[in-house]
Amino acid sequence: MELALLAIAVGVGVGLVVGALGAGGGILAVPVLVFLLSQDPHAATASSLLIVLITALFSIPHHARKRNVAWRDGLVFAGVSVVGAVLGSRLSVLVDPTLLLILFGSMLTVVAIVMLRRGIAGRRQEDRKSAAHGRHEGEEPLAFHDDPVLDAPGPDTVIAADGTRTHHGETDLGHPHGSTAAVDGRRGPRLPWVIAAASLTGFLTGFFGVGGGFIVVPMLVIALGLAMRRASGTSLLVMIVTTAASLLARIGTDVSVDWTVTLLFAAGSAVGGMLGGPLSAKARASTLTLIFAALLGGVAAVTLGNTLLG
């Protein structure tokens with residue numbers, strides 16, 4: 001009974017992170033399943049895939065209602081990532097469990113550093129934008145619904161004098177958050193980077209049981225010209241496709257899943273995912289990113305410490 005309650009409670013916390021940031025579910029679920037819920041590392045990565053899939057399915061409707069999901073871009077990106085997801089899933093089961101946790105902890109450390117730098121840079125940009133909009137010290141900070149960083153067009157977006165937004169030659173005449181941009185030959189040198197990023201995302205998803213949003217979100221911003229808010233919503237679509245492919249790729253392996261713990265964790269995570277999107281309206285984007293970086297750093301320290309010393 002205590003294990004069931006713990007699985008639900010921790011699942012809600014993980015879901016909140018996924019719903020708010022569009023990333024982070026699997027990267028937190030794996031160490032929780034191993035060290036708190038006593039699962040084998042291989043089983044934990046498989047369980048994490050199912051948890052991320054269910055959480056993303058429950059989180060994406062909020063972003064879709066806000067029209068923050070670029071369906072075409074997301075499906076193309078996810079389609080490319082499927083090959084990496086299948087390869088990563090089949091390779092993961094062949095790796096020694098201890099080595100798998102060491103590699104996972106190392107990845108957590110790298111991601112924590114990247115998120116910390118992104119959070120600091122985002123806070124500086126928010127402060128500059130706030131000053132430009134006439135906000136002064138002591139006034140209410142910009143929130144999710146009025147955020148110059150999240151709502152800013154991607155770096156490859158051009159806004160004409162009539163308000164028309166153009167992404168890589170594709171024009172959006174009416175949508176306030178900008179149009180999607182298909183991955184095609186008109187991208188020139190960007191196409192290889194998108195393919196590489198999608199393949200790496202799929203591989204990490206399959207190998208570690210993570211959603212890969214920490215890679216998908218910046219790539220959707222930089223390579224496809226999406227605003228951060230739209231990229232976060234689209235990353236959930238990518239998670240759904242890649243985690244489903246990774247789970248299917250594990251059929252026929254020796255990995256077993258504790259369905260009771262996994263489904264209870266997933267149920268709690270789904271509830272947290274539905275709450276995460278609306279709750280993120282109360283916090284600045286940089287604040288969420290910095291908190292997430294600190295959380296990842298702590299989880300990385302625990303993962304590596306327990307694995308190397310335990």
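The values are calculated or read from the model by the stated rules, or taken from the named source; none is laboratory data. In this text the structure is predicted, and so the values were computed from the model without any measurement. Using ideal geometry, Cβ is built from the backbone for each residue, glycine included, and neighbour counts are taken over all protein chains shown.
Considering 252, 268, which residue is assigned to a loop (DSSP other than H, G, I, E, B) and small (Gly, Ala, Ser)?
Only one candidate qualifies: 252.
Name the one entry in 34, 14 that is part of a helix (DSSP H, G or I) and under 16 Å from the mean Cα position of the chain (by Cα). Before you say what the answer is, go through the steps one by one.
Working: 34 fails: under 16 Å from the mean Cα position of the chain (by Cα).
One residue alone meets the criteria, 14.
Need the failing condition index for residue 269 against (1) more than 15 Å from the chain's Cα centre (by Cα); (2) surrounded by 18 or more Cβ atoms within 10 Å (Cβ to Cβ); (3) modelled with pLDDT of 75 or more, just the number.
(1)
Being hydrophobic (A, V, I, L, M, F, W, C), buried (at least 21 other Cβ atoms within 10 Å of the Cβ) and at pLDDT 75 or above is the requirement here; does residue 196 meet it? First the steps, then the outcome.
Details: hydrophobic (A, V, I, L, M, F, W, C): yes; buried (at least 21 other Cβ atoms within 10 Å of the Cβ): no; at pLDDT 75 or above: yes.
Spelling it out, it is not the case that residue 196 is hydrophobic (A, V, I, L, M, F, W, C), buried (at least 21 other Cβ atoms within 10 Å of the Cβ) and at pLDDT 75 or above.
With the requirement that a residue be modelled with pLDDT under 80, touching a Ser or Thr at 6+ places or on another chain (Cβ under 6 Å) and in a loop (DSSP other than H, G, I, E, B), what does the range 199-247 give you?
Scanning the range 199-247 gives 212, 225.
Does the range 47-70 contain any residue that is over 27 Å from residue 264 (Cα atoms), polar (S, T, N, Q), in contact with a helix residue (DSSP H, G or I) (Cβ under 8 Å, 6 or more places away or on another chain) and crowded, with 20+ Cβ neighbours inside 10 Å?
yes
For the range 90-116, which positions are small (Gly, Ala, Ser) and modelled with pLDDT under 90?
Residues of the range 90-116 that are small (Gly, Ala, Ser), as a first pass: 92, 105-106, 112.
Residue satisfying the conditions is 112 alone.
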